[in-house]
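The structure appears right after this line, and notes come after that.
Every read-out reported here was derived from the displayed coordinates using simple, explicitly stated rules and does not represent laboratory data. Values in this document were obtained by computation on a predicted structure and should not be read as measured data. Virtual Cβ from ideal backbone geometry, glycine too; neighbours counted across all protein chains shown.
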Amino acid sequence: MNSLRIGKGCQIAGLVLIVLGIVLVGCFLACRPSDWRRSSHLGCTNNLKQIGLAFRTWAIDNDGKFPFNVSTNAGGTMELCARGSDGFDRNAALHFQVMSNELSTPKLLVCPNDWASKPAVRFQNLQATNVSYLLHSGTNLNEGNPNAMLALCPFDGNTLYCDGSVAAAKADWKPPKRVMMEIVRRKYSAWMAVICRVFMVSGVVLLWAGSRLKWKAKGGPKPIGLIIGEFILLTVVVLLAAFMLFTIVGFAVR
Ligand SMILES: [Zn+2]
């Protein structure tokens, strides 16, 4: 009778842990607006100023046009434009890439408040993940349209205009919900991933131990739920072991 109660307790504790694990995943997806900002805006506005300067310098040699308005045949990126409905170009990295001489270093393309993006080592390897800034493209963007937005930092709201001027975000500016979620997700992902896994795994183990204890205490044939549960557990363990082996072993490539 005693082990029946222990078994029941284990089952409840296991379920609670599993639910907690799921709730934590939920918290992790929700946002924490208070601490998204890591450092001052200075690094970011400075980056944008340099980027603005690079665009203008590039334009001097190209009939006053920015790269996305100059054909690829003439060293631009016009044919590579991929504007989304929000006006921002999905191929910003390609537009920045042709301005490698003017930009001088790929580090300018990463905002200090962007936790995940790392600067490319060389412009030749520049990928979307090496760029924090959102870039507008289109024929209306040129120095004759000084107040048009050229680039935006989605992490702190600083804006670069076509005339090269940079407006710092207002103090109460908040990133769009989507960006905020992304910032929090990147910031806490490693930590949360571990906690959630620990909770869920210990929950499953407790649930299994509880069910087993209850069955032993009660006697009789093994309950069907326990048989199915054990089968699933065994499958997962075998798959995990196989996967770990696969990642550890390594293959002779040469
Ligand atoms: Zn920024």
Practice item. Excluding residues fewer than 8 places away in the same chain, name every one of the lysines whose C-alpha is closer than 24 Å to that of Lys222. Key: Lys8, Lys214
Study note, to complete from the structure: Rounded to the nearest 500, the 222 nm mean residue ellipticity computed for the chain from DSSP H runs (n ≥ 4, each -39500 (n - 2.57)) alone is -17000 deg cm²/dmol
Point to revise | Cα-based reach from Lys49 at 22 Å (exclusive), listing lysines while leaving out same-chain residues under 8 positions away | key: Lys65, Lys107, Lys118, Lys170, Lys174
Point to revise | Cα-based Rg of region 35-175 normalised by 2.2 N^0.38 Å, two decimals | key: 0.97
Revision key, fill the gap. Sparse-neighbourhood loop hits (trypsin sites (Lys or Arg not before Pro), region 86-134; DSSP loop; Cβ within 10 Å at most 12 others) -> Arg122
Review point. In the chain, how does Rg compare with the Kirkwood Rh, expressed as the Rg/Rh ratio over alpha carbon atoms?
Key: 1.21
Exercise for review: May I ask you to list the chymotrypsin sites (Phe, Trp or Tyr not before Pro) in region 151-180 that are in a DSSP loop and have at most 15 other Cβ atoms within 10 Å of their Cβ?
Suggested key: Trp173
Revision key, fill the gap. Label model pair Ser85, Ile227: point-to-point distance (7 angstrom along the Cα→beta-carbon line) in nm is 5.2 nm
Practice item. Between Lys216 and Val249, take the C-beta separation as r, use R0 = 41 Å, and let me know the FRET efficiency to the nearest 0.05. Key: 0.60
